[in-house]
Amino acid sequence: MTSKQITRALTGAGWHVHDVMDIMLDHLPVREGESQIIHESETSDNIISVRNVSKSYGPKIIALDNISLGVKRGSITALLGPNGAGKTTLIRLMTTLLVPDSGAIRVAGYDTVRQAQKLRGAIGLAGQYVAVDETLTGQENLEMVGRLYHLSPSESATRAKGLLLKFDLQDAADRPVKTYSGGMRRRLDLAASLIARPAVLFLDEPTAGLDPRSRFMLWQTIRELVEQGTTVLLTTQYMEEADQLAHHIIVIDHGHIIAQGTADELKRQVGGDILELHVSERDKAHQIAALVSKYGISEPRVNKETGVITVPVEGGASILVDVIRDADAEDLKLLDIVLRRPSLDDVFLKLTGHTAI
């Protein structure tokens, strides 16, 4: 029988598709070169090892193109990149939701294809979209996830209560989730990813839609988890989030890794300082940009939505006086002028050619 015929027969008999796939994947032949990759991963301090991985969606959409990376045990690693860069595809490959076209991935000592079922018990995942049962209460949702991870009923209930308290959901514990706000649902989904104390936690845009208080609360929770030994890999569009949390940052664009390092290492790639000008008349932003271009070590950029002009410069604070003098001479009004150190937003802009959001 073909694989398709076997799958159809087993699912017709009541088997779940995931169970069928696990059995079939456990009997896949070892790919050429995989044993060497596994050996290298197990003898390193990387808890995640990605080697020469590619993934396409049809002949024209290449999501990932032969990328390799490692994530150190007990660290926070942030994946940055514009929409469509391949971040979510990489997360799905690492968490067994997709199978790579080529290459190999090991997470927490398990191959993501050949040992998918075992790996799922060692990781937690909070995806871009909230995955909770609206008809159950918050407490019941978390207890259900705990039981799926094979925790005992008492341990599931205890973990659920503790996480509801940690995420400030204890007052809504016995309410159906359909009565929760969007932010509350997001926090419940994040709590569910922690129910089994995973060795590796994957967070795909974890704070999207959260208010500032909830965002800071989640940051603190992530730091506490790492102090206790959990490894966290997250994708985010918030540069401040990566700056605050990540020990290591990987920038992906068009399916390739285009830069990686600590936040400070990446910021040094921009060089010098950033001159930032806020104009009173947005229609004159490009005129002011042309005026200050002679001070820049690269071309000024104008934010079309805000009218703010930024340009990397060298020479220190003396530039401020010269720019103000030039603007007055041309009768161009400035609301504010700032000289600051480069941020991750500036890094992202330089590397990808546009802002993160």
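Every read-out reported here was derived from the displayed coordinates using simple, explicitly stated rules and does not represent laboratory data. Everything quoted here is computed from the prediction, not taken from an experiment. Positions of Cβ are generated from backbone atoms using ideal geometry, with glycine treated the same way; all protein chains shown enter the neighbour counts.
Can you tell me the dipole magnitude for the chain around its Cα centre, using point charges on the Cβ only (Lys, Arg +1; Asp, Glu -1), in Debye to the nearest 20?
On the way: 39 positive and 46 negative charges, 200 e Å.
Around 960 debye, computed over the chain.
Run lengths n ≥ 4 of DSSP H only: what is the helix-derived mean residue ellipticity at 222 nm for the chain, with -39500 (n - 2.57) per run over all residues, to the nearest 500?
-11000 deg cm²/dmol
For Ser75, list long-range residues whose amide hydrogen, built 1.01 Å from N in the peptide plane, is under 5 Å from its own amide hydrogen.
Amide H neighbours of Ser75, under 5 Å, 5+ apart: Val232.
Which entries in the list Lys166/Lys304; Lys72/Lys178; Lys60/Lys350; Lys60/Lys267; Lys72/Lys304 go over 29 Å, if you measure between the two C-alpha atoms of each?
Lys166/Lys304; Lys72/Lys178; Lys60/Lys267; Lys72/Lys304
Compute the relative contact order of the range 189-300 as a whole-number percentage, counting only Cα pairs closer than 8 Å that sit 6 or more residues apart in sequence.
Working: 74 pairs, mean separation 18.7, N = 112.
Result for the range 189-300 is 17 percent.
Could you tell me which of Thr89, Leu320, Thr236 has its Cα farthest along the dipole of the chain towards the positive end, charges placed at Cβ (Lys, Arg +1; Asp, Glu -1), taken about the Cα centre?
Thr89
Once amide H atoms are placed 1.01 Å from N in the peptide plane, what residues at a sequence separation of 5 or more from Leu125, or on another chain, have their amide H within under 5 Å of its amide H?
Phe202
What's the ranking of 58-69, 330-341, 205-216, 232-243 by average number of surrounding C-beta atoms within 10 Å, highest first?
232-243, 205-216, 58-69, 330-341
Please give the length that would be gained between Lys161 and Lys118 if that part of the chain were fully extended, namely 0.36 nm times their separation in residues minus their C-alpha to C-alpha distance (nm, one decimal).
Contour length minus the Cα-Cα distance gives 12.8 nm.
As I understand it, the dipole of the chain uses +1 on the Cβ of Lys and Arg and -1 on the Cβ of Asp and Glu, about the Cα centre. Which of Pro300, Thr310, His247 lies farthest toward its positive end?
Going by the Cα projections, it comes out as His247.
In the chain, what % of DSSP beta bridges are antiparallel (nearest 5)? Don't skip to the answer; put the middle values down first.
Numbers: 35 of 52 bridges.
Of those bridges, close to 65 percent are antiparallel.
What is the range 135-233's relative contact order, in percent, from Cα pairs under 8 angstrom and six or more apart in sequence? Don't jump to the answer; show the numbers that get you there.
Working: 100 pairs, mean separation 27.7, N = 99.
Relative contact order for the range 135-233 comes out at 28 percent.
Which whole-Hz ³J(HN,Hα) couplings does the range 145-157 yield from phi under the Karplus relation 6.51 cos²θ - 1.76 cosθ + 1.60, θ = phi - 60°, glycine and proline marked x?
5, x, 5, 5, 8, 6, 6, 5, x, 5, 5, 4, 5
Please turn the phi angles of the range 226-239 into ³J(HN,Hα) values with the Karplus equation 6.51 cos²θ - 1.76 cosθ + 1.60 (θ = phi - 60°), one per residue in order, whole Hz, x for glycine and proline.
With the stated coefficients, the range 226-239 comes to 5, 4, 8, x, 6, 9, 10, 10, 10, 9, 7, 9, 8, 5 Hz.
If I fit a long axis through the Cα atoms of helix 182-193 and take the longest principal axis of the Cα atoms of the chain, what angle between them do I get, 0 to 90°, rounded to 10?
Tilt of helix 182-193: around 50 degrees.
Residue by residue through the range 174-181, what is 3J(HN,Hα) from phi via Karplus (6.51 cos²θ - 1.76 cosθ + 1.60, θ = phi - 60°)? Round to whole Hz and write x for glycine and proline.
For the range 174-181, the Karplus curve yields 9, 9, x, 5, 5, 8, 7, 6 Hz.
Which shape class applies to the range 271-341: rounded if a/c is under 1.5, otherwise prolate when a/b exceeds b/c and oblate if not, where a ≥ b ≥ c are the square roots of the Cα gyration tensor eigenvalues?
Cα axes put the range 271-341 in the oblate bin.
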